[in-house]
Amino acid sequence: MKCRLVFAASILLFTLAMPLAAQEETDISVNLMPYEGNPILTIDEGADWERGGIWRPRVIAHDGLLHMFYLGFLEYQAAGSVCYATSEDGVNWTKHADNPVFIPDETVAPNGVQGFSVFHDGENWTLYFIPWREGYLFYNLADHFLMATAPSPTGPWSIAEEPVLSTESALEWDYGGIWPLSLLHTADEYVLYFETITYPYNIGMATSPDGIAWTKYDDPATASGRYELTDPIFRQNTDTSAWDSGYVTNPVVRQTTDGWEMFYGGGKSQTPVRGIGYATSPDGITWTRRGDTPLLAAPSRMFLPEAIIELNGIHYLYYVNQMGWYPSSVTIDVAIINYE
């Protein structure tokens, strides 16, 4: 299946001009202001496709409308499907009357979908997703992800036969499986940021000339063991006292006129401190954390960034607000990003 991937200017995570200052830490001040009307999306307990939880919102601007794709679960560890909602202002959302809009055949994914990314190329909608086999949430995900395309957000979806990206060798740092998370297009190539599905979660990167054939980042300085073939680009903090020393997760990345920025989730092992952090990079590979504390955190809560978009000069960060690891405890919230 041939898929022509030419991003429109309106695509989520496309190159945006925004007030990110030069890469000097003293010049960067970023904060998040949660929307006072949060949550913007909650579980519909009467809907079979999401009564067990919602997760992983992805937001795209197209044709004067905001399009949100999110995961819905029949119950914990069962029946993950992609649902759809729309908004004109970024905070008031209407769920599609015929949800879910994507759930693959049981021969492809016996238990539906887990991680996914979605985008619009000017003509078609493309969705990368992880097939979910039956059984425990993390240990029965496929070690690859697939690509599906559709003429509209609601389908019909056509799934490519061959995997887009996989983790097949124990010499790869992400052996065991990855989540496709943040996708963007530079002047030269497509860039995908992903994380491992096993703890400790770290963040990797892959590039592609066409969005179909991908090459994972490899640091030639590491040539042995699990880092022989591929390497992460962002790891948990080496300072064991830091709030993100346990893991880093859920990268939301975009390129700007002054560099690259990343909002990411993180936590410290065996503590309830789980929040959203911020980092910058001159090249998308080498990252510098900004600040010693998360931008957003609260006791007994887990905040994970999921999508970022600009609307009428305002930058919105969509995130999940979660009481624990279970999707049934999730609401989808939004915050305004302030750059000073």
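The values are calculated or read from the model by the stated rules, or taken from the named source; none is laboratory data. Note that the structure is predicted; figures quoted are calculated from it, not measured. Cβ sites come from the backbone with ideal geometry, for glycine too, and all protein chains shown count toward neighbours. Just so you know, the surface numbers come from the protein's heavy atoms only, side chains and all, with ligands and any DNA or RNA stripped out. Shrake-Rupley method; radii C 1.70, N 1.55, O 1.52, S 1.80 Å.
Brief remarks on what is shown
- Structural descriptor for the chain: relative contact order 18 percent, calculated from alpha carbon pairs under 8 angstrom and at least 6 residues apart.
- Extension gain for ASN124 to LEU65 (0.36 nm times residue separation, less C-alpha to C-alpha distance): 19.6 nm.
- Per-selection Rg to Rh, segment 186-274 - Cα, Kirkwood hydrodynamic radius: 1.01
- Remark: spin-label model distance ALA187-ASP219 equals 2.8 nm, labels positioned 7 Å along the Cα→Cβ axis.
- FRET efficiency for THR240 and HIS96, using Cβ-Cβ distance with R0 set to 35 Å, rounded to 0.05: 0.15
- Residues whose amide H comes within less than 5 Å of that of GLY177, counting only those at least five positions distant or on another chain, are ILE197 (H built at 1.01 Å from N in the peptide plane).
- Cα→Cβ-extended label distance, 7 Å offset, between GLU88 and ARG226, nm: 5.0 nm
- Summary of the geometry: segment 147-206 and segment 236-293, compared by the centres of their Cα atoms, lie 20 Å apart.
- In terms of its alpha-carbon gyration tensor, segment 232-272 comes out prolate; a/c meets the 1.5 threshold, and the first ratio a/b outweighs b/c.
- At the listed q of 0.12 Å⁻¹, the Debye profile of segment 69-127, built from one uniform point per Cα, gives log10 I(q)/I(0) equal to -0.33.
- The simple spin-label model puts a point 7 Å past each Cα toward its Cβ; for ASN312 and THR207 those points are separated by 3.8 nm.
- The trypsin sites (Lys or Arg not before Pro) of segment 40-136 include none that meets both criteria, a DSSP state outside H, G, I, E and B (loop) and at most 11 other C-beta atoms within 10 angstrom of the site's C-beta.
- In sequence order, calculated HN-Hα J values of segment 257-266 (Karplus, 6.51, -1.76, 1.60; Hz; x Gly/Pro): 5, 10, x, 10, 10, 9, 9, 9, x, x
- Mean shadow area of segment 282-340, taken as a quarter of the surface of its Cα convex hull (nm²): 5.8 nm²
- Each Lys or Arg adds one and each Asp or Glu takes one away; over the other residues whose Cβ falls under 14 Å from the Cβ of ASP219, this sums to -3.
- Length gained when the stretch GLU45-TYR339 is fully extended (0.36 nm per residue, less Cα-Cα span): 102.1 nm
- Using a probe radius of 1.4 angstrom, the carbon and sulfur fraction of the accessible surface of the chain is 49%.
- Comparing SER117, SER224, SER328 in a Gaussian network model of the chain, where Cα atoms under 10 Å apart are tied by springs, the biggest mean-square fluctuation is seen for SER224.
- Comparing GLY53, GLY37, GLY291 in a Gaussian network model of the chain, where Cα atoms under 10 Å apart are tied by springs, the biggest mean-square fluctuation is seen for GLY37.
- Largest GNM mean-square fluctuation among ALA85, ALA298, ALA109, using the chain with Cα springs under 10 Å: ALA298.
- Pair-distance distribution of segment 159-231: all C-alpha pairs, bin width 5 Å, starting at 0; shares per bin in whole percent are 3, 16, 25, 26, 19, 9, 2, 0.
- Pairwise Cα inverse-distance average, inverted: Kirkwood Rh of segment 248-303 (Å): 11.8 Å
- Per residue, the convex hull around the alpha carbon atoms of segment 181-340 comes to 141 Å³.
- Semi-axes of the equivalent ellipsoid of the chain are 26, 24, 22 Å, computed as sqrt(5λ) over the eigenvalues of the C-alpha gyration tensor in descending order.
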